[in-house]
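The values are calculated or read from the model by the stated rules, or taken from the named source; none is laboratory data. Note that the structure is predicted; figures quoted are calculated from it, not measured. Cβ: placed from backbone, ideal geometry, glycine included. Neighbour counts: every protein chain shown.
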Amino acid sequence: MRLRLDREATFWGLVTPPSLWLVLFFFVPLVLIALISLRPDLRGGVLAAFPPTLDQYRTLFEKPAYLRLFATSVGIALAVAGVATALAFPIAYFLAFRAGRHAGLFLALLLIPFWTSFLLRVMAWKVMLGSNGVINSFLLYTGLAGEPVEFLLYNRFAVIITLVYVWIPFVSLPILAGLQRIDVTLFEAAADLGSTPARRFWRVVLPLSLPGVIAGFFTCFIPTVGEYVTPLLVGGSSGSMYGNLIQDFFTKAANWPLGAAMSLIMLLGTLAFVAVALRLIDPRRLAA
């Protein structure tokens, strides 16, 4: 009896702090955003009584430009997640099967960028892609360009390049976890059956690592849809994303109800996309 009580106390002691944290810093703010989105305006303050209205959502659907920008942001997030996943897979494969006893060192080197500020890493790419940056200086020095190339910065191309760089280490980790679950004796069995290295990769490595690949892809995709810092710094007016529009409504326009409605539309749209994608892919079948 006492052992059962000790187990229950331990269980609730471990579950309660993260549950409270989740409620206070995720659920409560989400409810507040939902309530603000139903306000006609901010007269009287955020917590003042108000007649609920769907005017903000009606405004969103009456102006297709908002939804087009959301679709564009989803497309950018898909491109970033796809490229980052494709580039992160070889890194994770090397760490899992080729790095040997130096895997820990290489993993630490992969995580070194996390030790610096996110803004510094983004600004470094702004310096590299600028008119007087490293890339343009190299092109001018080698004679490959007669004048600085302008398309490298302040557009969606710059946003994608910068975000891919930022997310590669994050995407590598779940892929690495998936690869480390693979029993290396399967490679020997496949080789004994006459399978070539390429065939072993397509028939053994890739199918068994797909749950980690999918996890890495969505680890990058979900937050990238609402990204606003990177587009603000390297995208300029031509590289704006949906998150920049939300930020403008909360700061410059001081239209919190419309910004809150846009935030919920982004959240629900992203969750719907992920749910449909996971339904089609069925990671449980892949992990079996």
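Please pick out the residue among Thr16, Thr72, Thr53, Thr59 that is of a type in the set (Val, Ile, Thr), without any contact (Cβ under 8 Å) to a residue 60 or more places away in the chain and either surrounded by 11 or more Cβ atoms within 10 Å (Cβ to Cβ) or not in a helix (DSSP H, G or I) (or both).
Details: Thr16 fails: either surrounded by 11 or more Cβ atoms within 10 Å (Cβ to Cβ) or not in a helix (DSSP H, G or I) (or both); Thr72 fails: without any contact (Cβ under 8 Å) to a residue 60 or more places away in the chain; Thr59 fails: without any contact (Cβ under 8 Å) to a residue 60 or more places away in the chain.
Answer to the check: Thr53.
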Residue within the range 96-104 that is touching a helix residue (DSSP H, G or I) at 6+ places or on another chain (Cβ under 8 Å), crowded, with 16+ Cβ neighbours inside 10 Å, modelled with pLDDT of 90 or more and assigned to a helix (DSSP H, G or I) present: yes
Close pairs from the range 220-239: first within 18 Å of Ala71 (Cβ to Cβ), partner outside any helix (DSSP H, G or I) and aliphatic (A, V, I, L, M), Cβ under 7 Å, at least 6 apart: Glu227/Met241; Tyr228/Met241; Pro231/Met241
Failed criterion for Thr142 (all others in (1) surrounded by fewer than 14 Cβ atoms within 10 Å (Cβ to Cβ); (2) in contact (Cβ under 8 Å) with a residue 60 or more places away in the chain; (3) among the β-branched types (Val, Ile, Thr) hold): (2)
Near pairs, Cβ below 7 angstrom, 6+ apart or cross-chain, from the range 168-190 (over 30 Å from Arg121 (Cα atoms)) to any residue that is aliphatic (A, V, I, L, M): Ile182/Val205; Ile182/Leu208; Leu186/Val204; Phe187/Val204; Ala190/Val204
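So which residues in the range 19-50 are assigned to a loop (DSSP other than H, G, I, E, B) and either surrounded by 11 or more Cβ atoms within 10 Å (Cβ to Cβ) or not aliphatic (A, V, I, L, M) (or both), if there are any at all? Reasoning before the result, please.
First, pick out the residues of the range 19-50 that are assigned to a loop (DSSP other than H, G, I, E, B): 38-50.
The answer is Leu38, Arg39, Pro40, Asp41, Leu42, Arg43, Gly44, Gly45, Val46, Phe50.
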Where Ser209 falls short, out of the listed (1) surrounded by 20 or more Cβ atoms within 10 Å (Cβ to Cβ); (2) within 18 Å of the chain's Cα centre (by Cα); (3) assigned to a helix (DSSP H, G or I); (4) not aliphatic (A, V, I, L, M): (2)
